[in-house]
Amino acid sequence: MKKNKLLFAALVIVAFLFSCSKKDTPAPPPVPPKVTTGAFVLNQGTYGGNNTTLTYYDFATGTQTTDFFKNVNGFGLGDTGSDMIIYGGKMYIVMNVSGYVAVANSITAKFMDTISFKNAGVNRGPENIAAAEGKVFVSSTDGTVAVIDTSSLTVTKFITVGSNPAQMVVASDILYVSNTGGFSATYDSTVSVIPLNTLTESGRIVVGINPGSITTDNTGSIYVVCTGDYVAVKPRLVKININSSTLQSVDSTFGTIRYYNSNLFTTGGYLGAANVGIFNPSTLAAVRASFITDGTAIVNPYGLDIDPATGDVYVGDAKDYVSSGEVFCFDKTGKKKFSFSVSPGISPFKTVLVQQ
Amino acid sequence: MPGAFLFAQNKSDSAKVLQKVTVTGERKHNPFTAIVPVQVLNHEALLQMNAENIADAAKYFSGVLIKDYGGVGGLKTISVRSLGGLNTGLVYDGINIADAQTGQVDLSKFSATFVQSVELDQANPQQIPMPARIYSSASILSFTSSSFNTANFSKAKWLAGINAGSFGLWQPYAGVYVPVSKNTVVSANAEATWATGDYPYHIENGMFSQKAYRTNSDIQSYQGEINVVNRFADSSTLQTKAWGYQSERGLPGSIIFFNDISVQRLEDKDFFIQSRYLKKLNETTTILASAKYSSLFTKYTDPNFLNNAGGLDDRYTQNEMYGSLSLSHRLGEYFSFSVASDLASTHLSANINSFPTPTRMSVWNNLMIEFTKSHWQINASLLNTNINDKTISGTAAVNKNKFTPAFAIGYKPDPESPFLFRFFYKEIFRMPTFNDLYYTYNININPKLLPEYSEQYDAGITYSKNFNSSVSQISFSADGYYNNIRDKIIAVPAQNLFIWTMKNIGKVRITGIDLNGQINGKFSADLKWSARIAYTWQRALDVTDPLSSVYKDEIPYTPDQSGSGMAAVFYKIWSAGYNILFSDERYTLGENDPTNLLPGWNEQDVFVSARFPFKNFQTIIKGEVNNIFNQQYDVIHYYPMPGRSYKLSITINNL
């Protein structure tokens, strides 16, 4: 029957359309370049996406490789990398949702070991990392700071701190930990004080609602952003004078703060404009309207890191947090030196210089 | 509820409509003669597929993406023609099932066992009179029970059965239909579903690759309903339904590398009672009154959540009162019109600190005019929606008062022609949900949030013809469509990954083609066969921001091609069949980078069933092998679907 033939022809066309698929399939991983001078960037990825990636950017060739870690090791880091550090020839990558710390060679990124952050199987939520006096410290959402022995790569001690600690900084042989309490109905408002000689919390300094990003000038002061409760309590920048135990504070809209060479560098917080700021640490007043002086536009400054050797400022642009990010490098006068995409890396949060 | 093409039947329009509403079960409508795209799976088709719930059935429709999080207990929501999960209305026995909190209903709550038919209508179902709320969605997924079938008036009927399957599936059910008087039928049915859901899957991650089993994927659910249908002396009818559902299930979450613990649980307790009264006032006028009360309770727990309270225990209770009055009237030989007014009051409370506790008053008014003459059927409607939110604390959303039109036209070359040409346009919006507006955890409240608009254009052709040969019927439809979404509601991080806000910023442009074919026949008096296919090609592009890296990239989870096929043969007491669902590859993120590409998949199922008649009843035994090639795939990335599974069913009934 003619009608049957028509129908059959339609079915054949459908089958043909179905068999033609023209999208690209992922190319096999390229041979990773040899690491010389450059920077590693940790891209957080999306929650639940197992797409945390590491970018290597080579200063000499101006090329980036993502995912460098997977290219070297043949496996992906997992979900939501929240921080990384290079210390004592090793690279430590904190995997918040996957619940472990990956340890790799600091130059080749060759995988060495995993340090699990599970408490009876339950993820502690490792978040921030710091190092001092031969030890590595990892703060976790479960209210602990882990002390990691850098040769055995095991946790030797969990120090109990406040609720849902966020960031850590070491100043004058003391580890300071900001406690957000961000997972609870009532926020925390303290900074835990942990002398490195005892590795026990000796006390807590009350600083303000929801303390987050924290830094130090290494001359007796700690700076901490108190993010507030997002409703009634506005964010404040709090300066703690360690010796006199006095507090100084101003209204702020900061996300992340970093100290370098008599300046405080900031990214805009949830209320603030999407910019990078520079502030005077004594007066807590802005040095100028924006740190960036050449008009370089950044969609969403997310990561903020400073090269201690040169004072170059690295800003990770997270864009919309679901598409490829970009990293900008500025000199200390706020002029762009270079920038690179971390595609397909998402939400570049941490930039660390290669230490040869 | 398709608009069966009523050429040469103008004079009896209302009568036909009346009969259709009453005789839900017996209606043998042909969806290939409707002036808007309609797809129907009748009871016979439902029996041929592996459908634990209506979501499994809806996967066989063209243009449909069921977001399936895997397993019997996995949440299942529907998106039609890439318009998103909140633009499809759900209608059970003529009245909407709504959830103002999330805007979309988990279709896994609705068992397919007692369902007479499942239907997908694009734009407006072509039926009058009909509540105004049914006009308020871009498409309507409706399903009907067999409880209001007029055949139930003739004798008492009963059925009972059990399904047993892989991964701990047990599903016993039973139902009775009793004509308690000449004009009253009472029916009741109930079903329990237990599944452990511990199916194997594979984690691919280099040296850490491993075989694993889904954990915390179990479900136990119970559902039941009681129906009463009354026929009165004036031929009016009253249908009343009380429905209850209770479930407790694990939420296994996405696969997280290096972290396999999952302890989140979800508990649902849902109840509704609804009533519909239909009366023909005279030869030209029919009225329909509907009312419903519904209550939805949800409890979500996460004992591992790292708060000071030692875990999360969030509870939400949503209540809704709903009423509708509609009237249809035939004016002269060619025109008919219908008006409808609906009112709903929806309240949501929660045990969460400083929860705004919103109450939403919604009013819908709809006017529809239809013209039917020889070759033409034309239908235009205008919907007025008025939404007013109030909150106990915090800021309530601004009031909304909107008018949205729809238009459909059908043309037959001549009244006897098997061909029909059709076109429709519909503009509609979806309201911001309570979660969009008032969910406080990690979300900045945005009371200025506007509705999300969609415009649909569709042009198509259908063909349907009966034959006296080995092929007894061939039906085919092809529709091309263009959809435009503006003010799409998108969650945007507010300078921090953990604090988000909702904004009306998205624009999406969707073009697509839907093809549907159905063919039935018989080789001999004993040997019959049937086949159907549904195919979709579409492109859904993000056109929000020309400067963005995702501009004109495909939106997440929209395959270029997807579809389904079913084929079955029937020989005496035996029947056997083959089903396939397939999907092309698609991106998991808005950025169309190869690393975000999720592979295409197909799932193929086979079954054999036999019916053994006895004196007063019959027994049907069915065996299924589902996903016969053990295809490992995800519909949603890192939510693995079950591989090969088996199911054995036995039913006894006197139907």
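The values are calculated or read from the model by the stated rules, or taken from the named source; none is laboratory data. The structure displayed is predicted, hence computed values, not measured ones. Cβ sites come from the backbone with ideal geometry, for glycine too, and all protein chains shown count toward neighbours.
A few points about this structure:
- None of A:G81, A:G89 is surrounded by 19 or more Cβ atoms within 10 Å (Cβ to Cβ), more than 15 Å from A:N164 (Cα to Cα) and among the small types (G, A, S) except A:G81.
- Against the list (1) without any contact (Cβ under 8 Å) to a residue 12 or more places away in the chain; (2) closer than 25 Å to A:D331 by Cα, the condition A:N263 fails is (1).
- For A:G208, the conditions (1) closer than 17 Å to A:P235 by Cα; (2) under 22 Å from the mean Cα position of the chain (by Cα); (3) touching a residue at least 40 places away in the same chain (Cβ under 8 Å) are fulfilled apart from (2).
- Qualifying residue in segment B:41-58 (condition: of a type in the set (V, I, T) and part of a strand (DSSP E or B)): no
- Residue match in segment B:360-370 (condition: basic (K, R), closer than 28 Å to B:H329 by Cβ and either free of Cβ contacts under 8 Å to residues at least 40 places away in the same chain or not in a loop (DSSP other than H, G, I, E, B) (or both)): no
- Long-range neighbours under 7 Å by Cβ, at least six apart or interchain, first residue at the interface with another protein chain (Cβ under 7 Å from one of its Cβ atoms) and under 15 Å from A:Y321 (Cα atoms) within segment B:584-604, second surrounded by fewer than 21 Cβ atoms within 10 Å (Cβ to Cβ) and of a type in the set (D, E): B:G590/B:D553; B:E591/B:D553
- Qualifying residue in segment B:208-218 (condition: closer than 25 Å to B:F114 by Cβ, in contact with a helix residue (DSSP H, G or I) (Cβ under 9 Å, 6 or more places away or on another chain) and either at pLDDT 95 or above or not polar (S, T, N, Q) (or both)): no
- Qualifying position, being acidic (D, E) and assigned to a loop (DSSP other than H, G, I, E, B), among B:E603, B:E591, B:E624: B:E591
- For A:Q356: the one exception among (1) in a loop (DSSP other than H, G, I, E, B); (2) modelled with pLDDT of 90 or more; (3) more than 13 Å from every other protein chain (Cβ to nearest Cβ): (2)
- The number of residues in segment A:65-88 being of a type outside the set (S, T, Y), out of contact with any Leu (no Cβ under 9 Å at 6 or more places or on another chain) and away from chain B (no Cβ under 14 Å) comes to 2.
- Only one of the listed residues (A:V191, A:V169, A:V161) is surrounded by 21 or more Cβ atoms within 10 Å (Cβ to Cβ), within 14 Å of chain B (Cβ to nearest Cβ), in contact (Cβ under 8 Å) with a residue 12 or more places away in the chain and aliphatic (A, V, I, L, M). That residue is A:V161.
- In segment B:237-263, the residues that are under 21 Å from the mean Cα position of the chain (by Cα) and surrounded by fewer than 18 Cβ atoms within 10 Å (Cβ to Cβ): B:A242, B:G244, B:Q246
- Test: residue in segment B:618-629 that is in contact with a Phe, Trp or Tyr (Cβ under 7 Å, 6 or more places away or on another chain), within 14 Å of chain A (Cβ to nearest Cβ) and touching a residue at least 60 places away in the same chain (Cβ under 8 Å): no
- Subset of segment A:168-187 [at pLDDT 95 or above and within 28 Å of B:D313 (Cα to Cα)]: A:S178, A:N179
- On the stretch given as segment B:598-628, residues that are of a type in the set (A, V, I, L, M, F, W, C) and closer than 22 Å to B:K67 by Cα total 3.
- You will find that of B:F258, B:F232, the residue that is out of contact with any Ser or Thr (no Cβ under 7 Å at 6 or more places or on another chain) and of a type in the set (F, W, Y) is B:F232 and no other.
- All of B:L266, B:L306 fail the test of being touching a Gly at 6+ places or on another chain (Cβ under 7 Å), more than 19 Å from B:R133 (Cα to Cα) and surrounded by 17 or more Cβ atoms within 10 Å (Cβ to Cβ), apart from B:L306.
- Any hit, segment A:210-226, residues being part of a loop (DSSP other than H, G, I, E, B), touching a Ser or Thr at 6+ places or on another chain (Cβ under 9 Å) and farther than 25 Å from A:S82 by Cα: yes
- Count of segment B:462-476 residues which are crowded, with 22+ Cβ neighbours inside 10 Å and more than 11 Å from chain A (Cβ to nearest Cβ): 1
- Which numbered condition B:F570 fails, given (1) touching a Lys or Arg at 6+ places or on another chain (Cβ under 8 Å); (2) more than 10 Å from chain A (Cβ to nearest Cβ); (3) closer than 27 Å to B:Q632 by Cβ: (3)
- Applying the criterion of at least 3 residues that are among the β-branched types (V, I, T) to the strands (runs of 3 or more DSSP E) found wholly in segment B:64-110 leaves B:76-80.
- The residue that is nearest to the other protein chains (Cβ to nearest Cβ), among those in segment A:30-55 that are of a type in the set (A, V, I, L, M) and in a loop (DSSP other than H, G, I, E, B), is A:V31.
- Qualifying positions in segment A:68-113 - of a type in the set (S, T, N, Q), assigned to a strand (DSSP E or B) and either over 22 Å from A:A318 (Cβ atoms) or touching a helix residue (DSSP H, G or I) at 6+ places or on another chain (Cβ under 7 Å) (or both): A:N105
- Qualifying residue in segment B:297-305 (condition: in contact (Cβ under 8 Å) with a residue 12 or more places away in the chain and assigned to a loop (DSSP other than H, G, I, E, B)): yes
- Scanning segment B:540-560 for residues that are within 12 Å of chain A (Cβ to nearest Cβ) and in a strand (DSSP E or B) returns B:D542, B:E554.
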